[in-house]
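Read the structure below first, then the notes.
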Amino acid sequence: MAGITAGYIKEGQMCMGKRLTVGVLIGNAHTSHPTGLINGICDSAKGRDVNVVFFLGTQSTAFYKQLAGKREDFDYQYNTIYDYAMLANVDVLIIAYGSLCIFEENHDLKRFLERFSGVPYILLEDVAPDDQDVYLIADNYDGMRQCVEHMILEHDYRKICYLSGPKDNRDAMERLKAYRDTMGKYGRFVGTDMVAYGNYSEYVDDIVEELFEKNPDVDAIISANDEMTTAVYRVCEQHGMQVGCDIGVTGFDNTERSGYADPPLTTIAQDSYNMGRIAFEKACNIASGKTETSARLPVDFIQRESCGCSNRVLNKEEQEEERYVNEMKLRDTVEELRQFQHKAWMGPFLMRDLMQETRDEKHFFSKAVKALHEVGARSVRIYVLKRPLIYKKGSKWKAPTQLYLAARYHKNKVTTYDVKDRPVMDLKHGGMFADKSSNDRAYIYMNFLLFEGTRQYGIMSLEIEPDAISYFYLLSLQFGTSLRFFEMSRREIESRQKLKEKNEVLGVIASYDELTGIYNRRGIMENLVEFNHAHAGERAYLLIGDLDHLKQINDIYGHTEGDCAIRTCAGILKEVLGEYGDIGRFGGDEFIAVFLDKEELNRDIFIQTIHEKCEIYNENSGKPYYVNLSMGAVEFVCGEKNDFKEMLRHADEFLYQAKQSRRKSIRKDEV
């Protein structure tokens, strides 16, 4: 695609007056190397009459696995955000494929590039499949060769293990090849168990631990990047080994914190910031019809103490300079922590306010864009799909062809739209940023996917500083949860309205609970009988759920909050149960559910999912109390001989057992 004429009369402007728009696809955006790329691109774009739109993939599974054990993986959703770049009507793409392919489902570069057919691009961190296309990649082989030679020639390490990046990542494979070749050159044996494969994140402790178990005599570990050395340091400490003394450790990338490690990390410096700047210049040239060439960027070996080298003693003047620099860094760190603490408090409170807006959609989005501006976004644009898109892991993905502008904050003005009046943002209408408010100046937008679980809602586009990406990523997750809560609340309101109208017509209001909109005691018992007859011979469950400590909530916070807790439980039960059965409110704080035994929803899955949904609600509700359910269930086969009174008694016994492990208090400030 390099050298394709894009119809520009001068750099940055099309012949029809359209400003050049550069799209950037980048994954793992919260880590050091991608951050350098982003900063380089942004700094190059400043002062230029060129738009830049970033589509950011940010993964969290490794983090959750490390800190909280096994969690459901929804990172696959981020693989879809790159397709939204086509709706931005970009003129050229910068594709940091090395940061994407770690998490891509098919790991096929050529197939991935076909998604952007017709758009010229420059590829980063991989080699373009077509010789005429342009790519930038660090000289991975030479950098790793220097590192391995240093470990052998300067330190005479014998058992040097290697922590590689993913097998489908070109950077990782080039570095691994250099390790194997150099070890072979100097007669060092490399066994199969001496090489382990990580995911380039710092949360690979289990992989490092396995490397130690298989190689108890290891005297050095070379990591394919700096991020993973954080795990190496942690595991070494757990084994009572001092890095730089008992074992040599090196990395690759020369991230900012590598110099602050204890001891400072020996590494290979690749200038990701400079790569970003070069990529931007080449992208602009390609879009303007100029011919560009591919390049391998040089790297440097950075010798510090983690490899086993001793640090040179500084003279008095150097010591004073180092002390001054460290004081400045400490002051900056303290200020950054102060600002982060402020934002960490502000973000959840603002999102909590959103979750209280369940009746007026325009008001909901107005508060959203104001909130995002208040915590640092200069401009905000919220795009939504016509209806939530359900995308489950392993299912076929079809990229949306339209987005709708729900709200924006621009030049101190909030604009929201009624559903029927929302501007359509597709290629036919000029793309995501085709409205007049986007064209008064050049812009740099960071785009975050808005989703909750399997449900995609749209895109959050923000003008923010690159160092705020991690914070706004967290807000995007909270915003996605707020959208889900809003959707559920609206659905509940609509369902209750329809139910009310139906009851008025049919005169059956006595079967439903007014507070929650689900069956009341009479309704669920009648439905239980019907369910039993309708599913004769099928296995099912009868479950009793009890809202924990409702009396405490009523006594401490009032009956309005008690009613809110009851409605929340009903909503969670109804959401999880779906079409598999029925649910009713049996008494003040008791619920009854009956549902069929299915592979995707058996008793254990149902109870576990309810607990997880309650925890998600508690984390995001902003309420000073916990909402939890204790549950007991019995299994039965539908048929005429069932004694539901006896079954309820047995379920109640299981409920009593479950209550023994509930929280002693619902107050969050007492935990």
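Mind checking whether some residue in the range 422-430 is open to solvent by 40 Å² or more (accessible area, probe 1.4 Å), without any contact (Cβ under 8 Å) to a residue 12 or more places away in the chain and over 30 Å from residue 32 (Cα atoms)? Within the range 422-430, one or more residues are open to solvent by 40 Å² or more (accessible area, probe 1.4 Å), without any contact (Cβ under 8 Å) to a residue 12 or more places away in the chain and over 30 Å from residue 32 (Cα atoms).
Residues in the range 257-273 that are under 28 Å from the mean Cα position of the chain (by Cα) and more than 19 Å from residue 144 (Cα to Cα) were compared, and the one that is least open to solvent (accessible area, probe 1.4 Å) is 261.
Remark: pairs (first residue in the range 358-374, under 12 Å from residue 415 (Cα atoms); second residue open to solvent by less than 10 Å² (accessible area, probe 1.4 Å) and outside any helix (DSSP H, G or I); Cβ separation under 6 Å; 6+ apart in sequence or on different chains) = 365/382; 365/406; 365/407; 369/380; 369/407.
Would it be correct to say that residue 510 is open to solvent by less than 60 Å² (accessible area, probe 1.4 Å), more than 30 Å from residue 41 (Cα to Cα), among the aliphatic types (A, V, I, L, M) and in a helix (DSSP H, G or I)? The answer is yes for residue 510. Only one of the listed residues (635, 619) is farther than 19 Å from residue 593 by Cβ and either touching a Leu at 6+ places or on another chain (Cβ under 9 Å) or without any contact (Cβ under 8 Å) to a residue 24 or more places away in the chain (or both). That residue is 619.
Within the range 246-256, which residues are open to solvent by 90 Å² or more (accessible area, probe 1.4 Å) and modelled with pLDDT of 95 or more? Matches in the range 246-256: none.
Picking from residues in the range 613-640 that are polar (S, T, N, Q) and not in a strand (DSSP E or B), the one that is surrounded by the fewest Cβ atoms within 10 Å (Cβ to Cβ) is 618.
Only a single item in (1) open to solvent by less than 10 Å² (accessible area, probe 1.4 Å); (2) at pLDDT 90 or above is not met by residue 401, and it is number (1).
Tallying residues that are part of a helix (DSSP H, G or I), crowded, with 22+ Cβ neighbours inside 10 Å, without any contact (Cβ under 8 Å) to a residue 60 or more places away in the chain and of a type outside the set (A, V, I, L, M, F, W, C) within the range 198-228 yields 0. State whether one or more residues within the range 566-576 are open to solvent by 40 Å² or more (accessible area, probe 1.4 Å), out of contact with any Gly (no Cβ under 7 Å at 6 or more places or on another chain) and not basic (Lys, Arg). Yes; the residues of the range 566-576 include at least one that is open to solvent by 40 Å² or more (accessible area, probe 1.4 Å), out of contact with any Gly (no Cβ under 7 Å at 6 or more places or on another chain) and not basic (Lys, Arg).
The condition of being touching a strand residue (DSSP E or B) at 6+ places or on another chain (Cβ under 8 Å) and within 25 Å of residue 622 (Cβ to Cβ) holds for only one of 559, 611, that being 611.
Flag: residue 308 matches the condition of being of a type outside the set (D, E, K, R), at pLDDT 75 or above, farther than 30 Å from residue 426 by Cα and surrounded by 15 or more Cβ atoms within 10 Å (Cβ to Cβ). Just a yes or no: is a residue in the range 525-541 surrounded by 20 or more Cβ atoms within 10 Å (Cβ to Cβ) and either within 30 Å of residue 35 (Cα to Cα) or over 40 Å from the mean Cα position of the chain (by Cα) (or both)? Yes, the range 525-541 has at least one match.
Here residue 481 passes the criteria (1) open to solvent by 20 Å² or more (accessible area, probe 1.4 Å); (2) within 21 Å of the chain's Cα centre (by Cα); (3) over 27 Å from residue 76 (Cβ atoms) except the one numbered (3). Selection of the range 641-656 for residues being among the aliphatic types (A, V, I, L, M) and open to solvent by 20 Å² or more (accessible area, probe 1.4 Å) yields 647, 648. Residues considered: 488, 460. Of these, the only one that is surrounded by fewer than 22 Cβ atoms within 10 Å (Cβ to Cβ) and either polar (S, T, N, Q) or in contact with a helix residue (DSSP H, G or I) (Cβ under 8 Å, 6 or more places away or on another chain) (or both) is 488. Taking the criterion of being in contact with a Lys or Arg (Cβ under 9 Å, 6 or more places away or on another chain), farther than 15 Å from residue 448 by Cβ and assigned to a loop (DSSP other than H, G, I, E, B), the residues of the range 357-389 that qualify are 357, 358, 359. Among the candidates 408, 441, the residue that is without any contact (Cβ under 8 Å) to a residue 24 or more places away in the chain and either surrounded by fewer than 22 Cβ atoms within 10 Å (Cβ to Cβ) or not in a loop (DSSP other than H, G, I, E, B) (or both) is uniquely 441. Of all the residues in the range 475-531, those that are among the small types (Gly, Ala, Ser) and modelled with pLDDT of 85 or more number 5.
The values are calculated or read from the model by the stated rules, or taken from the named source; none is laboratory data. From a predicted model like this one, the values you see are computed outputs, not experimental measurements. Counting neighbours? That spans all protein chains shown, and the Cβs are built from the backbone with ideal geometry, glycine included. What goes into the accessible areas is simple: the full protein's heavy atoms, side chains included, and nothing from ligands, DNA or RNA. Shrake-Rupley method; radii C 1.70, N 1.55, O 1.52, S 1.80 Å.
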